[in-house]
Structure formats: C-alpha cells, structure tokens
1. With label points built 7 Å along Cα→Cβ from the Cα atoms of residue 64 and residue 282, find their separation and express it in nm.
2. In deg cm²/dmol and to the nearest 500, what is the mean residue ellipticity at 222 nm of the chain if only DSSP H runs of at least 4 residues count, each as -39500 (n - 2.57), divided by the residue total?
3. Distance between Cα centroids, the stretch 111-129 to the stretch 213-290: provide it in whole Å.
4. Could you work out the relative contact order of the chain? I mean the mean sequence separation of Cα pairs under 8 Å and 6+ apart, divided by the number of residues, in percent.
5. Just to be sure I understand: of the beta bridges DSSP finds with both ends in the stretch 10-318, what percent are antiparallel, rounded to 5?
6. Quick check on packing: order 219-227, 16-24, 290-298 by the mean number of other C-beta atoms within 10 Å, highest mean leading.
7. Over the Cα atoms of the chain, what Rg and Dmax result, in angstrom?
8. What ranking of 109, 305, 77 emerges when the number of other C-beta atoms within 10 Å of each C-beta is taken as an exposure proxy, fewest first?
Ligand SMILES: [Fe+2]
C-alpha cells in the first residue's frame, strides 16, 4: 500500500478514509472524553478515565510497599512467540513473521522508553503491526507520545513496514504525526501485503471499545476472494463479527492482560466485553484464530503484577506445514 499524502484539510482527509459518520462521532466524543467515563462502544464504563480511581490504586500500592516492585515489573519485557496456522495461506508465506506491539502508552514509561527501545531494536520481522493506545492519558496533549512514537519507529526493523490502528486512548489528531513517522494507520481500511510472490489482506478498524467507530465491512471492502485476512482491532470485542466475515487471524490488545493480576496471571479487571479466555494470549473462535497481547505499557498506574509487559512475534504457517 502507498502512504497517503499529508492532509491540508484533516476532517475531509479522515472522512474520506474512515467514513464521515465515524469521524463525526469520534470527534464529538473526543471533546467529551476528558471529563466522561461513559463511552459508546462495547465497554460502557471506563475507570481508566477516572483520575480518582487511578490515584486510589497508586496510593494503595504505595502504602502497602508494593509500588516499586510493580514499577520494576513494568519494564520486565517478555518476547512472546506465537505460531499460527492460517487456512489458505500460500506456501511462500509460511514462516512470515509479524512483530505485534500494542498498548505502548509510550509517554508513560518510567525510564523514558529506553528499556523498550533496546528490546525492540535487535528484532527483525517481515511486518510490524501496532494495535493502538500510543498515548498514556485519554486526554491532554498527544505531543509527548508523538515524539516517543517517532523514536520507536526508528528502532523497528520490518521489511514491509509498520501498520497501525487507533485505540481508545488515541485521538484522530494523532494520525498525521504517526504517518509522518512512518506508521500507515488503517482507519477502517485495508490493503494487500505481497511477499515472495504471494499475498494476504490486512485490515484495521477504529476503536470498537470506547468510541464504537469501527466499520469492519468498510475495512474489508477491497478484499479479494480467496486471500487470507489478518485484522487489527484495538480490543477483542469484534470477535463474532470478524469470524462471521471470514477473518483468519484477529490481532488485538487493550486488556493489558489485566495488568494487575492474581497469581497465575488471573486478571482482576479486563475492560473488555468478551469471554475471559480472550483477555490474553492465543484463542480461537469458530474458524478464526485470535491473539490478545498483554501490551507493552501501562494504563493508569505504572505497575504490573503477575502480568509482564509483552512484545509479540507471530509466525504464520500455511495449513499443512505443521506446528
Ligand atoms: Fe485501550
């Protein structure tokens, strides 16, 4: 896919790409977002928008002496490897590697992102996908996250480039800066990735969780019959619709795997209207494979327990190649 020219008229530029109704809804909700904790997507109540709740958790960790432990855990990145069989994938794409980063909340890293950057830099993949939430807060300036993301892009080694979508912490106004950095943002859009003479379709939808401005049919409208489809969605909440529309692989994040979990990685809160088994790691629904990354960053408090931050590498396998 070619990169789009940068917009002079941002509204028209976005409306042409993601649909006018979705842009209008999102812009209206973004204005309200700073003071609201009620959304229009699958999750109706959003505690992450409530500063009092975040302060309560942070204070509780501090008083219990666990805050520093949780902060150290927030930089204990794990590289998770997921091999996934894709029906209809050409043999030429067997072994194709996708670096999947999500929920980076890049302006929240307690070390300025240094540990994350140094973990990413040695990795080499065929494609990089970003499934949203670049920014820490759901309001306030997005410039610190734009600076961080432009730095991150220089650390990513991916032959076919970087594709991303927006999450519920992101505003549409972040799109030009992300695309100037080299991220191709999919705004209810899709396109073909060609590799070794074979191809698959990649689609990305806008945030289904808070904004509810996803449009999967629009994202798939240029898909050709017989080509496997990989979908990027911020949260797992579109699993039923995606499966019905023959998506082969569904990549997402948003849940942070719970971020603060009970021993054994059992999440206390997932912030997603989906079955619990979709909160972290690989899952299946119908004929569709899915993967929910625990994410790289933290939302709210900069702490993790029993749920280390994740960098994921998916390896695609053509059916019959064996796993
Ligand atoms: Fe999110």
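Every number in this text was worked out from the coordinates using simple rules, so none of it is lab data. As the structure is a prediction and not an experimental result, all values here were calculated from the model. Don't worry about glycine lacking a Cβ; one is built from the backbone with ideal geometry, like all the others, and counts go over all protein chains shown.
1. 3.3
2. Working: 9 runs with 80 residues, N = 323.
After summing the helix terms and dividing by the residues of the chain, the value is -7000 deg cm²/dmol.
3. Going from one Cα centre to the other spans 23 Å.
4. Numbers: 764 pairs, mean separation 82.6, N = 323.
In percent, rounded to a whole number, it is 26.
5. Values: 19 of 52 bridges.
The antiparallel fraction comes to roughly 35 percent.
6. Working: 219-227: 14.2, 16-24: 17.7, 290-298: 26.9.
The peptides rank, most packed first, as 290-298, 16-24, 219-227.
7. Cα-based Rg and Dmax for the chain come out at 18.4, 59 Å.
8. Values: 109 22, 305 19, 77 16.
Result, fewest neighbours first: 77, 305, 109.
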